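Participant: Take this structure first; my questions come after.
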Amino acid sequence: MTATRVLVLNSGSSSVKYQLLDMRDSSRLANGLVERIGEQSSRLKHTPLATGGESRERTGPIADHDAALKAVAEELAKDGLGLDSPELAAIGHRVVHGGKHFTQPTVIDGAVLAEIERLIPVAPLHNPANLTGIRTATALRPDLPQVAVFDTAFHTTMPEAAARYAIDVETADAHRVRRYGFHGTSHAYVSRATAKLLGKAPEEVNVIVLHLGNGASASAVEKGRCVDTSMGLTPLEGLVMGTRSGDTDPAVIFHLARVGEMSIDEIDTLLNKKSGLVGLCGDNDMREIRRRIDEGDERAKLAFDIYIHRLKKYIGAYYAVLGHVDAVAFTAGVGENAAPVREAAMAGLGSLGLAVDDGLNAVRGDEPRLISPAGARVAVAVVPTDEELEIATQTYALVKR
Ligand code: ADP
């Protein structure tokens, strides 16, 4: 029997998201989520997509990632999709930080594990959880290839001019301080899907990808290769996000420490968790912000305007970086769903060849689609992202025989 299934695991510090795919036709067999691992109120939600059955939920303590993965395996087994199946070809792991070293998806061995571990200082929140997921999955199926797909890999093609901060080179190198970028799996998938929508090969087009979810990042993709992206050493740089500030003057930190008498940890929490849309208006959900704006709420309006202003600055910057732009693609929760964000981001950019057709922009859907007026010089598109499919595709390409 040929093994054609891939299990995709996205392990966070207290959660595991998973999806089981059959790579013969990229169909989803099951997906689910374990939340609040380590707490009394852990929850597992499992959806058996292959059978079209109802979602199942379990609540009650799940002590650690090991217990979480075992619980997932039990749920899958109930649908005849157990992890001991010979049809399972590999497990693909989302790994947030691959540093400069990992430019491609990689079959995990001891040396790879050690390198992911060495990168913990630059990804203290993410890489430890990803490592736990890998170790747990390996213990469950030691015979199976485990593949790491890195969020940073797509951005390793950035030229030094885009990847370096203008700080002392020796100090930067000693501490591996440089711009790595994140959401790479999404930027890779969406830039390729955008080329396909235009009927072109990825090597034939230049695309600005706007991944606007709770986390948000922009990238400039030249002929299929990333040449700049808005996130940097960590996901804090760049666009205004749900709870992250994005770009600020670094001196804001010194000022808050010296004058505001805040600790480094407090400032870290402020900028990562209490800033962005939530810091500006108390909400990070774009639906709620739009609702408040419709009711005349000034703070929500200001938050929206700051969000759009930053987005426009990056669109202009990446237009200049690329020189020629074939398409701008909106993706992720906000990019795929919030027509007012797309409209406002493109407003006034007609002289750059950028515009949206109001009718097309209002249409909702799950498929990649154009929202620019017919005959526009630059295509504007909505291209739903699919990070799980991309991880599964990259994983399967490495292991299939
Ligand atoms: P992440 O993967 O970063 O957690 P998502 O890509 O799922 O985030 O995006 C989540 C965000 O998408 C929500 O916080 C919300 O702001 C936005 N969003 C989701 N659905 C809609 C919608 N129908 N209209 C406007 N915004 C939406």
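The values are calculated or read from the model by the stated rules, or taken from the named source; none is laboratory data. No experiment lies behind these values; they were computed from the predicted model shown. Glycine also receives a Cβ, built like all others from the backbone with ideal geometry; neighbour counts cover every protein chain displayed. Each accessible area value is taken on the protein alone, full model and side chains, heavy atoms only, with ligands, DNA and RNA left out. Shrake-Rupley method; radii C 1.70, N 1.55, O 1.52, S 1.80 Å.
Participant: Give the residue from Gly52, Gly199, Ile134 lying farthest towards the positive end of the charge dipole for the chain; charges sit on Cβ (+1 for Lys and Arg, -1 for Asp and Glu) and the dipole is referred to the Cα centre.
Facilitator: Of the options given, the answer is Gly199.
Participant: On the full set of protein chains, 1.4 Å probe, figure out the accessible area of Leu271 and give it in Å² to the nearest 10.
Facilitator: Only protein atoms counted, so the area is about 20 Å².
Participant: Moving to a separate point now. Once the piece of chain linking Tyr165 and Gln104 is laid out straight, how much longer is it, given 0.36 nm per residue of separation minus the C-alpha distance between them? The partial results should precede the final answer.
Facilitator: Values: separation 61, 0.36 × 61 = 21.96 nm, distance 2.36 nm.
That works out to 19.6 nm of additional length.
Participant: About the Cα centre of the chain, what is the dipole size in debye to 20, counting +1 per Lys and Arg Cβ and -1 per Asp and Glu Cβ, all else neutral?
Facilitator: Working: 44 positive and 52 negative charges, 82 e Å.
Roughly 400 debye for the chain.
Participant: Just to be sure I understand the curve: with the Debye formula and one point per C-alpha of the stretch 219-310, what is log10 I(q)/I(0) at q = 0.11, 0.12, 0.21 Å⁻¹?
Facilitator: For the stretch 219-310, the Cα-only Debye profile gives -0.39, -0.46, -1.00.
Participant: Continuing with the same structure: Dividing the alpha-carbon radius of gyration of the chain by 2.2 N^0.38 Å (N being the number of residues), what value is obtained? The partial results should precede the final answer.
Facilitator: Numbers: Rg = 21.5 Å, N = 401, 2.2 N^0.38 = 21.5 Å.
That ratio works out to 1.00.
Participant: May I pose another question? Given the chain, what percent of its DSSP beta bridges are antiparallel, to the nearest 5? Walk me through the numbers on the way to the answer.
Facilitator: On the way: 38 of 57 bridges.
If I count the DSSP bridges inside the chain, around 65 percent turn out antiparallel.
Participant: Spin-label point model (7 Å from Cα, Cβ direction): what's the Asp143 to Asp249 distance in nm?
Facilitator: Once both label points are built, they end up 6.3 nm from each other.
Participant: Residues of the stretch 227-243 with the amide nitrogen closer than 14 Å to a label point 7 Å from the Cα of Asp268, along Cα-to-Cβ, please.
Facilitator: 234-236
Participant: Where in the chain are the DSSP H helices whose alpha-carbon span along the long axis reaches 15 Å or more and whose Kyte-Doolittle mean is at least -1.0?
Facilitator: Values: long enough: 65-78 (20 Å, -0.05); 127-140 (20 Å, 0.14); 184-197 (19 Å, -0.21); 298-322 (36 Å, 0.10); 387-399 (18 Å, 0.25).
Helices meeting the criterion: 65-78, 127-140, 184-197, 298-322, 387-399.
Participant: For Arg164, tell me the accessible area in Å² from a 1.4 Å probe, rounded to the nearest 10.
Facilitator: Estimated to the nearest 10 Å², Arg164 gives 80 Å².
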